[in-house]
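What follows is one structure encoded as structure tokens, with my remarks underneath.
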Amino acid sequence: MKHLKSFLILAGLSLVVSSCFLRKGGKPTAQNPGALSTATGLKYTRDAAEGFPVDPYNSQPDAPNMVFIEGGRAVLGSFEEDVMAYRDNIERTVSVASFYMDETEIANIHWLEYLYHLTTDSTKVDGGRAYSAALPDTMVWRSNLAFNDPYVDHYLRYPGFRYFPVVGIKWKQANEYAKWRTAVVNTDLAEKAGESIPETGGGRIPIEKGFTIPNYRLPTEAEWEYAAQALIGTQWLEEMQTHQRIYPWDGHALRNPYGKQMGYFLANFKRGRGDYAGIAGRLNDGALITSYIYEYPPNDYGLYNMAGNVSEWVMDVYRPLSHQDFDDLNPIRRDDFIDSHSAYRNRYTKTAKDSVVTLPNGTQKSMRTYEYTKNPQGFISLISDKVRVYKGGSWKDVAYWMSPGTRRFLDEDSATATIGFRCAMIRAGSNY
């Protein structure tokens with residue numbers, strides 16, 4: 001009730017101030033729409049039963065863990081040598097609208113919080129299926145030729161790993177987490193504003209109210225790469241930037257050139273064959289596997305670990321020609337448009353062959369096998385409309401993959417010990 005009274009007082013003051021503002025000859029704005037419609041002259045109200053309701057609005061509310069990324073022009077693509085010869089990241093100038101991005105990767109404690117709420121809220125409806133579907137694949141740590149077994153049991157749930165990035169997450173699971181996060185944050189904002197959540201419309205809080213945040217989601221590939229470059233730190237005079245960046249920090253080196261941390265690596269990555277952290281007494285990047293989500297210095301947007309630690313899912317479907325095809329304003333590849341995955345497949349002829357095999361117990365069993373005959377000028381491709389891009393190097397990658405322009409892809413139903421994610425969010429009501 002106290003919050004509701006404060007909200008109503010604020011609403012009243014807002015209408016009074018805006019009315020005075022307009023009487024002095026000012027023009028209406030989103031924050032000060034005035035008391036009357038400039039189109040009809042009818043009065044704005046707070047009660048929909050009495051007329052058109054216009055709620056108080058100041059700006060988009062702050063969202064937990066989100067950092068503002070001012071948009072602008074950028075050149076996407078790799079500034080490293082294309083050692084893989086993929087030619088799928090040719091430089092392309094685009095403009096990206098301002099948005100918000102998580103300061104850090106989503107950590108184990110964040111995912112455990114999600115699992116807890118699914119346990120308490122969802123089991124009454126779906127018998128625990130949502131909880132089961134949200135469980136990370138902890139077996140991603142398992143290897144037949146390595147003793148990583150302790151991570152299988154402990155990495156997700158042991159308290160010491162709370163603020164390490166969650167891994168073993170599929171692209172689809174990351175999207176479901178973003179939906180859940182949006183709902184719980186907006187519910188909390190509604191309670192603080194003294195508003196009740198409508199029982200109709202699926203419990204949707206009307207965006208017209210102005211106190212809710214837009215949806216959390218995965219960033220687009222362009223947004224992720226733009227934020228990782230953080231070229232706002234290279235500005236000089238007007239629209240001039242002193243240099244591009246190979247990594248999310250200045251310089252061509254991987255070590256910190258300043259202060260007490262001079263000589264230490266600026267990211268968590270694999271230095272070379274069998275060298276994940278340096279030697280005892282001088283563990284240079286401090287991590288054989290993943291690391292604390294705040295471990296290394298942030299880039300000039302204030303984002304941590306945009307290189308190394310874990311690679312990160314983005315929204316885009318992978319295509320080799322995305323940089324040539326997509327729009328130059330807020331680019332994204334969502335589906336097969338223009339570049340269908342069917343053009344990359346069916347280049348082998350599949351032939352079934354039936355045979356009979358004798359089992360060790362003497363019984364016989366028919367077996368069907370398949371032979372693939374290569375078509376002239378053909379090859380088998382992994383590209384499909386279910387394959388998603390992931391960006392940035394991980395703890396298990398060499399430095400090459402830490403350049404923001406590099407691209408890799410994986411099926412959206414797959415998970416690894418090297419891929420995590422962070423969320424993004426639009427900046428609503430903005431034209432830049």
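The values are calculated or read from the model by the stated rules, or taken from the named source; none is laboratory data. The shown structure was predicted, so the numbers you read here are calculated from the model rather than taken from an experiment. We place every Cβ from the backbone using ideal geometry, glycine too, and count neighbours over all the protein chains shown.
Worth pointing out:
- Filtered residues of the range 284-299 (kept if farther than 12 Å from PHE269 by Cα and surrounded by fewer than 17 Cβ atoms within 10 Å (Cβ to Cβ)): TYR294, PRO297
- Selection within the range 243-259 - surrounded by fewer than 13 Cβ atoms within 10 Å (Cβ to Cβ) and closer than 13 Å to ALA230 by Cα: HIS243
- Residue in the range 45-52 that is surrounded by 12 or more Cβ atoms within 10 Å (Cβ to Cβ), part of a loop (DSSP other than H, G, I, E, B) and at pLDDT 90 or above present: no
- Of the helices (runs of 4 or more DSSP H) lying entirely inside the range 142-232, the ones with 2 or more residues being in contact with a Leu (Cβ under 8 Å, 6 or more places away or on another chain) are found at 171-192, 221-229.
- Tally, over the range 272-294, of residues that are more than 26 Å from the chain's Cα centre (by Cα) and under 21 Å from ASN148 (Cα atoms): 9
- Residues of the range 346-361 include at least one that is modelled with pLDDT under 95, surrounded by 13 or more Cβ atoms within 10 Å (Cβ to Cβ) and over 21 Å from the mean Cα position of the chain (by Cα).
- Whichever residue in the range 385-404 is assigned to a loop (DSSP other than H, G, I, E, B) and out of contact with any Lys or Arg (no Cβ under 9 Å at 6 or more places or on another chain) and, among such residues, is farthest from ILE289 (Cα to Cα): ASP385
- Test for TYR158: is it of a type in the set (Phe, Trp, Tyr), more than 25 Å from LYS391 (Cα to Cα) and at pLDDT below 95: no
- The residues in the range 90-99 that are touching a Lys or Arg at 6+ places or on another chain (Cβ under 6 Å) and over 23 Å from ARG217 (Cβ atoms) can be counted, and the count is 0.
- Per the listing GLU195, GLU113, GLU105, GLU191, the residue uniquely of a type in the set (Asp, Glu) and closer than 18 Å to ALA415 by Cα is GLU105.
- Residue ID - farthest from the chain's Cα centre (by Cα), chosen from residues in the range 206-261 that are farther than 30 Å from ASN186 by Cα and of a type in the set (Val, Ile, Thr): THR242
- The single condition from (1) touching a residue at least 24 places away in the same chain (Cβ under 8 Å); (2) surrounded by fewer than 18 Cβ atoms within 10 Å (Cβ to Cβ); (3) of a type in the set (Phe, Trp, Tyr) that TYR116 fails is (1).
- Of the criteria (1) without any contact (Cβ under 8 Å) to a residue 60 or more places away in the chain; (2) out of contact with any Lys or Arg (no Cβ under 9 Å at 6 or more places or on another chain), which one GLU80 fails: (1)
- Checking ILE207 against (1) under 30 Å from ASP47 (Cα atoms); (2) touching a helix residue (DSSP H, G or I) at 6+ places or on another chain (Cβ under 9 Å); (3) among the β-branched types (Val, Ile, Thr); (4) modelled with pLDDT of 80 or more, the condition it does not meet: (2)
- Applying the set (1) within 30 Å of ILE426 (Cα to Cα); (2) part of a loop (DSSP other than H, G, I, E, B); (3) not β-branched (Val, Ile, Thr) to TRP313 leaves exactly one unmet item: (2).
- Just one of (1) touching a residue at least 12 places away in the same chain (Cβ under 8 Å); (2) surrounded by 13 or more Cβ atoms within 10 Å (Cβ to Cβ); (3) of a type outside the set (Ser, Thr, Tyr) fails for GLY278. It is (1).
- Flag if THR212 is in the same structural domain as TYR116 (by TED's automatic domain parsing), within 24 Å of ALA30 (Cβ to Cβ) and in contact (Cβ under 8 Å) with a residue 60 or more places away in the chain: yes
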